[in-house]
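Engineer: Structure provided below as C-alpha cells; questions to follow.
Just so you know, all these numbers are worked out from the coordinates, no wet-lab data involved. None of the values given here were measured: they were computed from a predicted structure. Glycine also receives a Cβ, built like all others from the backbone with ideal geometry; neighbour counts cover every protein chain displayed.
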Amino acid sequence: MEKTGAQILLECLLQENVDAIFGFPGGAVIDIYHHLPSYPALRHFLVRHEQGAIHAADGYARATGRVGVCLVTSGPGATNTVTGIATAYMDSIPVVIITGQVPTPLIGNDAFQEVDIVGISRPCVKHNYLVKDVQDLAWIIKQAFYLARTGRPGPVLVDLPKDVLQAKTVPAYPESISMRSYNPHLEPNRRQLRKVVDLLRTCRRPLFYSGGGVISSDAFEELTWLARNLHIPVTSTLMGLGAFPGDDPLWLGMLGMHGTYAANMAVGHTDLLLAVGARFDDRVTGKISSFAPMAKVVHIDVDPTSIRKNVNVDVPIVADCRLALKGLRDEIMACAEASDWVLEHQSWLEQVQAWQRDHPLQYAFSEEPIKPQFVVEKIYELTKGEAIITTEVGQNQMWAAQFSRFHRPRSFITSGGLGTMGYGFPAAIGAQVAFPDKLVIDIAGDGSIQMNIQEMATAVSCNIPVKIVILNNGYLGMVRQWQELFYNKNYCATCMHTNPDFVKLAEAFGAAGFRVTKAADLEGVLKQAFALPGPVIVDVVVAEEENVYPMVPAGAALTDMLLV
Amino acid sequence: MRHVLSVLVENEPGVLSRVVGLFSGRGFNIETLNVGPTLEEGLSLMTITTLGDEAIIEQIVKQLRKLVTVVKVVDLTHLQKVEREMVLIKVNAEDASRAEVLRIADIFRCKVVDVGPNALTLEITGDQSKIKAIVSLLQRFGVKEFARTGTVALRRAMQMD
C-alpha cells in the first residue's frame, strides 16, 4: 500500500523501537505531526524551544543507552538544535535529529525558513543526510539509527524536505545494513591484550583512568571485576562517573582540573596508566607533557582517532571497551602463573590511601549561608545514589561530580566536552521520560537554569516530575572564580544579583517552588520536594563566593593543585 | 613533510565538503586536491597532498577514515609511486622569442595546444619538480595565464626495496 513520506518516517521510527520523540512543530514538518496521532506508541513531548528538544533526546539517550529522537522544523527550528547536536557530538551520545526542510524545488532559493542545516551541522554530527527522494527514506532512517548507536556513538541528522514527506510510495523497509565505508572495529587484538598482561605483571603502581566509553559500551562489570581482582585503583573523567562504584575503596574520585588530590597524585606517580574509553581531554590532563610522566600508557578506545591524538601510547587497543576489558579478563584468567596482585600492589594502594586521607575533598560548613557542597552531600544522603543526577555547567557541575557518589552507569548525566549551560534541565526531562518512576534531579546554578527555564512549561504540561535544585550564589560562579583567582577579582559580567524569584517563577509555570536559606532547613525541604508528584524548583541560597577546589590552573601540571 | 594521500570516497553530494571541512575544521593543510570518478560506479578518488609531521599525518589519515563516506585511505608517501600534475600555460611568444619557447617545450616534451599571434599555450605533465623547472624557465618570456591540476598519483605495481 502506498504511504506518504511522513507515514514511512513514523513507521521507521516504530521499527527502531522509538517510544519518545522530543519535538516542536513548524510548517515544514506539519505532515509528520498530521500523522503522529495515528502512532500512539510514539509518545511526543512538546518542548518550548528546540534546544530543549535536542537536550531532552540526549538525556533520554544517556539515561537508557538507546537512541534519542528529536523532531524539529526547518530554518530556525533546525538551527536551534545546533548547540545540542554539538553537545551530543562532543560526548558521543546517540541521537537522531529529524529536521524539516523546504520543498526540494525551493532548496537554494533562500525560501522562507530555509537553512542549509546539513552544511551547518556537518562538523558536529557523526553523519547527516538530505533526503531527496522518498524511495531513499526508509534505508536512510535505518542507517541513521545504526550509525548513531554503533562504533563510537554520535548524533546523526536527517533533513526532510516537505515534498518528500508528502510524496507517496510503496515503502520497502530494509532488513539489514551493510556499508562498505563504515565498519567499526570492535574486537580487541589478542596480542595487544597479552602485552597489557605483561605490563600488569611488571608494573607496581597501576591506575585505571576510565571515561565515557566505559559507560557507552556497558563495561561497568568488566572494569569493576578487573579493578577489584587485580587491586588497581580507579579514577575517571567527568563523563566516566558511575562506571565504577563510588563507594568502593579503590575509587579515587574524578581526576583533572577539579579532580581529587588522590586521583591527580596517582596520575602523577602511576607506572601503568590504563586509559579506557577516555580521550585525554585538556581539562583532564592539565599540562600535557607532565601528565602521567612515569607511566607506560595503555589506551583502549573504539575510535582510532582518539589514540595518540594528545599523548603517546605504548599499547594502543582499538576496540569496544567492554570487549577489550572482557578479553583482558580472559587473558588474565588463562595465565598459567597467577600473580599475587594484592601483595604486588600493596604499597601503592597504601600510598594512594594516604593521599586520600591527607587531602580529602573538604569545605567549611556554615549554617548560613549554606555551603553548596553541603547541598550536594545532602542530596546524596537522601537519595543514596539511587537518583539520576543531571547538572548544568560550571561550579554546580563540579560540586555535583565531587560531593555526590555514583554507583551505577547512567546515573550521572552532564555536558562534559562542550560544557553547555542550560543542558541539565532538559536532559533531566529526557531521563525522566525514560524512567518515570525514578527520582531525577537537576543540580543547577542560578545562571545555567535560566538558559532553558522555558522547559518548566514542558515539565508541567507533560507532568514530568523533575526536581531542580538551584545552588543560587548570585553569580556565574565558575567564571567569577577564575576572575577572583586569575583576573584580580574583576567581576565583570558575572554578577546575577537581579535574578528572578525562582519560587514565584516555579509557581507561575504551575510547578511547586521552595526557598532554603539555612542549612538546618535543607533536609526537610528536599524531602518534601522529592516526595511531590510534579516538577519542583528548590532555590537554595548558598555562599556567594565559594570556590571549587582542588583546582589545577589551566596549563599547570595535574600535581600542582590549589587545595583551598 | 609533504604527503600524498589517496582517498577513495562514495560519490555522493557533500562528500567533498566533508573532506575539505575536516581539513579546515581541524587546522590541517591542503596543498593540492584532485577529485574524479573511478571506473567503479559510485566511487570517486581524491588525491590530496598535505603538509605535516608524522603525528599530524596520522591524525589526518585516521580522521579521514572516520568519515562515513570515505571507503579507503592510502598514504602513498613512503611507497614507490607515479605522480603527475598537468599545467596549461599561456606564454608570450613574440617572433623573437617563439623559437626559444618551442625549444624549451620540446626539451620538456610539452604539447603546444593553442597558438596565437603573440602567445603559445603549452600542456605540461610531470611531477612537481619538472613543472617547477619548466615554469621557471618560461617565466622570463612572460606568462599570460596559468592553470594547474593537483597531483594525481598511483602506487607502482612493483615495490622495490
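Engineer: Looking at A:Val170, A:Val164, which one is touching a strand residue (DSSP E or B) at 6+ places or on another chain (Cβ under 9 Å), crowded, with 24+ Cβ neighbours inside 10 Å and farther than 25 Å from A:Ala292 by Cα? Step through it out loud before you land on a result.
Structural biologist: Working: A:Val170 fails: crowded, with 24+ Cβ neighbours inside 10 Å.
None of the other options fit; the residue is A:Val164.
Engineer: So, one more: Please go through region B:2-18 and give me each residue that is under 19 Å from A:Ile117 (Cα atoms) and within 11 Å of chain A (Cβ to nearest Cβ), ordered by number.
Structural biologist: Those that are under 19 Å from A:Ile117 (Cα atoms) and within 11 Å of chain A (Cβ to nearest Cβ): B:Glu12, B:Pro13, B:Gly14, B:Val15, B:Ser17, B:Arg18.
Engineer: With the structure loaded, tell me whether A:Ile288 is within 14 Å of chain B (Cβ to nearest Cβ), touching a residue at least 12 places away in the same chain (Cβ under 8 Å) and hydrophobic (A, V, I, L, M, F, W, C) or whether it fails that test. Can you show your working first?
Structural biologist: On the way: within 14 Å of chain B (Cβ to nearest Cβ): yes; touching a residue at least 12 places away in the same chain (Cβ under 8 Å): yes; hydrophobic (A, V, I, L, M, F, W, C): yes.
Yes, satisfied.
Engineer: OK, next. Being in a helix (DSSP H, G or I) and touching an Asp or Glu at 6+ places or on another chain (Cβ under 9 Å) narrows it down to one residue among A:Arg152, A:Arg180, A:Arg191, A:Arg201; which is it?
Structural biologist: On the way: A:Arg152 fails: in a helix (DSSP H, G or I); A:Arg180 fails: in a helix (DSSP H, G or I); A:Arg191 fails: touching an Asp or Glu at 6+ places or on another chain (Cβ under 9 Å).
Checking each option against the conditions leaves just A:Arg201.
Engineer: Does A:Val214 meet the test of being touching a helix residue (DSSP H, G or I) at 6+ places or on another chain (Cβ under 9 Å), aliphatic (A, V, I, L, M), crowded, with 20+ Cβ neighbours inside 10 Å and under 25 Å from A:Ile117 (Cα atoms)? Spell out the reasoning first.
Structural biologist: Working: touching a helix residue (DSSP H, G or I) at 6+ places or on another chain (Cβ under 9 Å): yes; aliphatic (A, V, I, L, M): yes; crowded, with 20+ Cβ neighbours inside 10 Å: yes; under 25 Å from A:Ile117 (Cα atoms): no.
It is false that A:Val214 is touching a helix residue (DSSP H, G or I) at 6+ places or on another chain (Cβ under 9 Å), aliphatic (A, V, I, L, M), crowded, with 20+ Cβ neighbours inside 10 Å and under 25 Å from A:Ile117 (Cα atoms).
Engineer: Considering only region A:28-50, state which residues are within 19 Å of A:Thr81 (Cβ to Cβ) and in a strand (DSSP E or B).
Structural biologist: Scanning region A:28-50 gives A:His44, A:Phe45, A:Leu46.
Engineer: Turning to a different aspect of this structure: Evaluate region A:411-424: report whether one residue or more is surrounded by fewer than 19 Cβ atoms within 10 Å (Cβ to Cβ) and over 25 Å from A:Leu562 (Cα atoms).
Structural biologist: Checking region A:411-424: not a single residue is surrounded by fewer than 19 Cβ atoms within 10 Å (Cβ to Cβ) and over 25 Å from A:Leu562 (Cα atoms).
Engineer: Can you tell me which of A:Lys489, A:Lys467 is charged (D, E, K, R) and over 26 Å from A:Gly52 (Cα atoms)? Write out each step before concluding.
Structural biologist: Numbers: A:Lys467 fails: over 26 Å from A:Gly52 (Cα atoms).
Just one listed residue meets the conditions, A:Lys489.
Engineer: Go through region A:31-64 and give me each residue that's surrounded by 20 or more Cβ atoms within 10 Å (Cβ to Cβ), over 22 Å from the mean Cα position of the chain (by Cα) and among the aromatic types (Phe, Trp, Tyr).
Structural biologist: Matches in region A:31-64: none.
Engineer: All but one of (1) in a loop (DSSP other than H, G, I, E, B); (2) of a type in the set (D, E, K, R); (3) more than 14 Å from every other protein chain (Cβ to nearest Cβ) hold for A:Glu350; which doesn't?
Structural biologist: Among (1) in a loop (DSSP other than H, G, I, E, B); (2) of a type in the set (D, E, K, R); (3) more than 14 Å from every other protein chain (Cβ to nearest Cβ), A:Glu350 violates only (1).
Engineer: While we're looking at this one, here's another question. Can you work out which of the residues in region A:75-107 that are within 14 Å of chain B (Cβ to nearest Cβ) and in a loop (DSSP other than H, G, I, E, B) is farthest from A:Val47 (Cα to Cα)?
Structural biologist: Among residues in region A:75-107 that are within 14 Å of chain B (Cβ to nearest Cβ) and in a loop (DSSP other than H, G, I, E, B), the one farthest from A:Val47 (Cα to Cα) is A:Ile107.
Engineer: Of all residues in region A:281-302, which are in contact with a Gly (Cβ under 9 Å, 6 or more places away or on another chain), crowded, with 22+ Cβ neighbours inside 10 Å and within 15 Å of A:Gly213 (Cβ to Cβ)?
Structural biologist: A:Val284, A:Ile300, A:Asp301, A:Val302
Engineer: Report every pair of residues separated by at least 6 positions or lying on different chains whose Cβ atoms are under 6 Å apart, first residue within region A:247-276 and in contact (Cβ under 8 Å) with a residue 40 or more places away in the chain and surrounded by 23 or more Cβ atoms within 10 Å (Cβ to Cβ), second of a type in the set (S, T, N, Q) and in a strand (DSSP E or B).
Structural biologist: As it stands, the answer is A:Leu252/A:Thr235; A:Leu255/A:Thr235; A:Val276/A:Ser210, since those pairs meet every condition given.
Engineer: Filter region A:332-364 down to the residues that are more than 30 Å from the chain's Cα centre (by Cα) and among the aromatic types (Phe, Trp, Tyr) and list them by number.
Structural biologist: Those that are more than 30 Å from the chain's Cα centre (by Cα) and among the aromatic types (Phe, Trp, Tyr): A:Trp341, A:Trp348.
Engineer: Then there is this: Would you confirm, using the coordinates I've provided, whether A:Val352 is surrounded by 15 or more Cβ atoms within 10 Å (Cβ to Cβ) and hydrophobic (A, V, I, L, M, F, W, C)?
Structural biologist: Working: surrounded by 15 or more Cβ atoms within 10 Å (Cβ to Cβ): yes; hydrophobic (A, V, I, L, M, F, W, C): yes.
Criteria met by A:Val352.
Engineer: Just the residues that are in contact with a Phe, Trp or Tyr (Cβ under 8 Å, 6 or more places away or on another chain) and either surrounded by fewer than 24 Cβ atoms within 10 Å (Cβ to Cβ) or of a type in the set (Phe, Trp, Tyr) (or both), please, taken from region A:202-211. I'd like the intermediate steps shown before the answer.
Structural biologist: Filtering region A:202-211 down to residues in contact with a Phe, Trp or Tyr (Cβ under 8 Å, 6 or more places away or on another chain) leaves A:204-206, A:208, A:210.
If the condition is that a residue be in contact with a Phe, Trp or Tyr (Cβ under 8 Å, 6 or more places away or on another chain) and either surrounded by fewer than 24 Cβ atoms within 10 Å (Cβ to Cβ) or of a type in the set (Phe, Trp, Tyr) (or both), then A:Arg204, A:Arg205, A:Phe208 are the ones that fit.
Engineer: Among the residues of region A:82-96, is any over 23 Å from A:Ile215 (Cβ atoms) and not acidic (Asp, Glu)? Break it down into steps so the answer makes sense when it comes.
Structural biologist: In the first step, residues of region A:82-96 are kept if they are over 23 Å from A:Ile215 (Cβ atoms); the result is A:82.
Applying the additional criterion that residues be not acidic (Asp, Glu) yields A:82.
Looking through region A:82-96, at least one residue is over 23 Å from A:Ile215 (Cβ atoms) and not acidic (Asp, Glu).
Engineer: Would you pick out the residues in region A:132-161 that are surrounded by fewer than 19 Cβ atoms within 10 Å (Cβ to Cβ) and at the interface with another protein chain (Cβ under 10 Å from one of its Cβ atoms)?
Structural biologist: A:Lys132, the sole residue that qualifies.
Engineer: Does B:Leu22 count as outside any loop (DSSP other than H, G, I, E, B) and either in contact with a strand residue (DSSP E or B) (Cβ under 7 Å, 6 or more places away or on another chain) or without any contact (Cβ under 8 Å) to a residue 12 or more places away in the chain (or both)?
Structural biologist: On the way: outside any loop (DSSP other than H, G, I, E, B): yes; either in contact with a strand residue (DSSP E or B) (Cβ under 7 Å, 6 or more places away or on another chain) or without any contact (Cβ under 8 Å) to a residue 12 or more places away in the chain (or both): no.
Judged against the criteria, B:Leu22 is not a match.
Engineer: Which numbered condition in (1) more than 14 Å from chain A (Cβ to nearest Cβ); (2) buried (at least 19 other Cβ atoms within 10 Å of the Cβ); (3) closer than 23 Å to B:Ala147 by Cα is the only one that B:Leu76 fails?
Structural biologist: (3)
Engineer: Considering only region A:303-344, state which residues are within 30 Å of B:Ile57 (Cα to Cα) and of a type in the set (Asp, Glu). Before the answer, list the steps.
Structural biologist: Just the residues of region A:303-344 that are within 30 Å of B:Ile57 (Cα to Cα), to begin with: A:303-325.
Across region A:303-344, the qualifying residues are A:Asp303, A:Asp314, A:Asp320.
Engineer: Of all residues in region A:108-131, count the ones that are surrounded by fewer than 18 Cβ atoms within 10 Å (Cβ to Cβ) and either more than 11 Å from chain B (Cβ to nearest Cβ) or within 24 Å of A:Val67 (Cβ to Cβ) (or both).
Structural biologist: To start, the set of residues in region A:108-131 that are surrounded by fewer than 18 Cβ atoms within 10 Å (Cβ to Cβ) comprises A:108-113, A:116, A:119-120, A:123.
This time we only want the ones that are either more than 11 Å from chain B (Cβ to nearest Cβ) or within 24 Å of A:Val67 (Cβ to Cβ) (or both), so: A:108-113, A:119-120, A:123.
Going through region A:108-131 one residue at a time, the tally reaches 9.
Engineer: Checking A:Gly77 against (1) buried (at least 24 other Cβ atoms within 10 Å of the Cβ); (2) within 15 Å of A:Gly430 (Cβ to Cβ): exactly one of these is not met. Which one?
Structural biologist: (2)
Engineer: A follow-up question, please. Looking only at residues in region B:48-73 that are more than 15 Å from B:Phe28 (Cα to Cα) and part of a strand (DSSP E or B), which one is nearest to the other protein chains (Cβ to nearest Cβ)?
Structural biologist: Taking the candidates together, the pick is B:Val71.
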